[in-house]
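Trainee: Below is a structure I'd like to ask you about.
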Amino acid sequence: MLRILTLFGTRPEVIKLVSVIRALESRADRFSATTICSGQHTTLLRPFLERLGMRVDRDLNVMRQAQGPSEVAARVLQALDPLFAEIRPDLLLVQGDTTTAMAGALAGFHRKVPVGHVEAGLRSGDSSSPFPEEVNRRLITQLASYHFAATRGNVETLVREGVDPKRIALTGNPGVDALQDVLAHDKPSRAIEDLVHTHRERRLLVLTTHRREAFGPRMEEHMRVLRRFVEAREDVVMVFPVHPNPSVTDASRTILGDCSRVHLLPPLDHPDFVYLLSRAWLIVSDSGGVQEEVATLGKPLLILRDNTERPEVIEAGLGRLVGDCPEHLGQVLEEIDTDGAWLRSAGSRPNPFGDGQSGRHIADAIERFLGREGSDG
Ligand code: UDP
């Protein structure tokens, strides 16, 4: 029996690990699966855990008001160490690029617990963007023993950096599993359906923004550009589920709070958010996960960043980078408004991020990897 610890602490980690955890739990004869929540997010996370019926075996409760990455990392390191001593896992699974994942991988390394990295091999090439995630994911690559890559490009990146190809599995991104699951099984709430219905004659623009490196003037200027765009067009409505970070809530209230045809909403549960995306005319976002989701939904996305670690979304013709300066965002919005050619060309293409079975592929790869190590003695 292989003891697998799965660590998560933020909304995207839960979304992207649920199918992996389910796949491990469905093989109870081979895996004993334990879930650990760092608590890096709390209010954002709770509705997801409840809706998904996800069990949290250990909660590290690291969240504090106005916390910085160093404090989160320190508390995760400190809390995990005795847990490793107690549980003696065969593998620690971490996902993505959060401070929780990075600190978890380091804690595993210190205790000689092999680390498996889900969503390995993403690189923006710029250590200041996304910050601190780009460096987190590079560090995790150094610390991990097994790498679960979403795309062939991610595999190639890892190999170029010297990772042993025998320790890499091409599995797709389990975020695709989560989205397909929502599309197949979940209904949006009445409130979000009503909001979309009220504006059914208008073009729906969906905004999300929460990246740390954009806090302050840059994020505020993006909001002003979007406000001017919406105010000048009676037939456009913007819906913005606002991330709870005070840098985002304060700016959104000040700049967009009194604008008719702009709806500021609290963070949405996944089925409501996916419904909103699926009804969008255009999505503007600096999120990583949303870049993958538009590939499944065939929706056009303006990426509020000056680089992306997911070039597949641009290659698929669904995404355009507009985050380098606010004027660029304004220009592209004007262009899209007058010439809809790009919007019309964005449609359903083969999904570069996976086949919706990534949880199963990752569980298969874990069996292969750990079985091989065992038999190698
Ligand atoms: N998401 C959600 N509700 C929202 C906004 C986002 O469920 O109000 C989901 C979204 O569908 C995606 C994930 O959260 O799966 C992305 O998380 P986020 O943008 O916070 O993080 P990132 O992907 O940039 O790390």
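FYI, it's all coordinate maths here, none of it is from the lab. In this text the structure is predicted, and so the values were computed from the model without any measurement. Cβ atoms come from the backbone with ideal geometry, glycine included; neighbour counts cover every protein chain shown.
Trainee: If we count GluC sites (Glu not before Pro) as exposed when they sit in a DSSP loop and have at most 14 other beta carbons within 10 Å, what is the longest stretch of the chain that avoids them all?
Mentor: Within the chain, the longest run free of exposed GluC sites (Glu not before Pro) spans 1-160.
Trainee: For the stretch 223-272, rounded, prolate or oblate, judged on the Cα gyration tensor with a ≥ b ≥ c (square roots of eigenvalues), a/c < 1.5 rounded, else prolate if a/b > b/c?
Mentor: Oblate, because a/c is 1.5 or more while a/b does not exceed b/c.
Trainee: Still on this model: So what is the calculated 222 nm ellipticity per residue for the chain, using -39500 (n - 2.57) for each DSSP H run with n of 4 or more, over all residues, to the nearest 500 deg cm²/dmol?
Mentor: So the helix-based figure for the chain works out to -14500 deg cm²/dmol.
Trainee: Please rank HIS361, HIS199, fewest neighbouring Cβ atoms within 10 Å first, as an exposure proxy.
Mentor: HIS199, HIS361
Trainee: On to the next question. When the convex hull of the Cα atoms of the stretch 169-281 is projected onto a plane and the area is averaged over all directions, what value comes out in nm²?
Mentor: It is 8.5 nm².
Trainee: Given VAL313, ALA33, ALA365, which one lies farthest toward the positive end of the charge dipole of the chain, if we put +1 on the Cβ of every Lys and Arg and -1 on the Cβ of every Asp and Glu?
Mentor: In the chain, that residue is ALA33.
Trainee: Provide the percentage of antiparallel DSSP beta bridges, counting only those with both residues in the chain; round to the nearest 5.
Mentor: 0 percent
Trainee: Calculate the dipole size of the chain relative to its Cα centre from +1 charges on Lys and Arg beta carbons and -1 charges on Asp and Glu beta carbons; express the result in debye to the nearest 20.
Mentor: Rounded to the nearest 20 debye, it is 620 debye.
Trainee: Here's a follow-up. With an 8 Å Cα cut-off and a minimum separation of 6 or more residues, compute the relative contact order for the stretch 29-115 in percent.
Mentor: Dividing the mean separation by the residue count of the stretch 29-115 yields 26 percent.
Trainee: Same structure again: Using the Kirkwood formula over every pair of different C-alpha atoms, what hydrodynamic radius in Å results for the stretch 1-102?
Mentor: 13.8 Å
Trainee: Could you tell me which trypsin sites (Lys or Arg not before Pro) in the stretch 1-66 are loop residues by DSSP with no more than 12 other beta carbons within 10 angstrom of their beta carbon?
Mentor: Qualifying residues, ordered by number: ARG55, ARG64.
Trainee: What is the calculated FRET efficiency for LYS112 to SER260, with r their C-beta to C-beta distance and R₀ = 41 Å, to the nearest 0.05?
Mentor: That pair, LYS112 with SER260, gives E of 0.10.
Trainee: Would you work out if the stretch 41-100 is rounded, prolate or oblate? Take a ≥ b ≥ c from the square roots of the eigenvalues of the alpha-carbon gyration tensor; rounded if a/c is under 1.5, else prolate when a/b is larger than b/c, oblate otherwise.
Mentor: oblate
Trainee: Calculate log10 I(q)/I(0) of the chain for q = 0.10, 0.14 Å⁻¹, where I(q) comes from the Debye formula with a single equal point scatterer on each Cα and nothing for solvent.
Mentor: -0.62, -1.21
Trainee: Taking the Cα centre of each part, how many Å lie between the stretch 197-229 and the stretch 239-312?
Mentor: 7 Å
Trainee: Here's another thing I want to ask about it. Which of GLN78, GLN291, GLN95 moves the most in a Gaussian network model of the chain with Cα springs under 10 Å?
Mentor: The residue with the greatest mean-square fluctuation here is GLN78.
Trainee: DSSP loop (so not H, G, I, E, B), at most 12 other Cβ within 10 Å: list which trypsin sites (Lys or Arg not before Pro) in the stretch 68-161 pass both filters.
Mentor: Within the stretch 68-161, the qualifying trypsin sites (Lys or Arg not before Pro) (loop, at most 12 other Cβ atoms within 10 Å) are LYS112.
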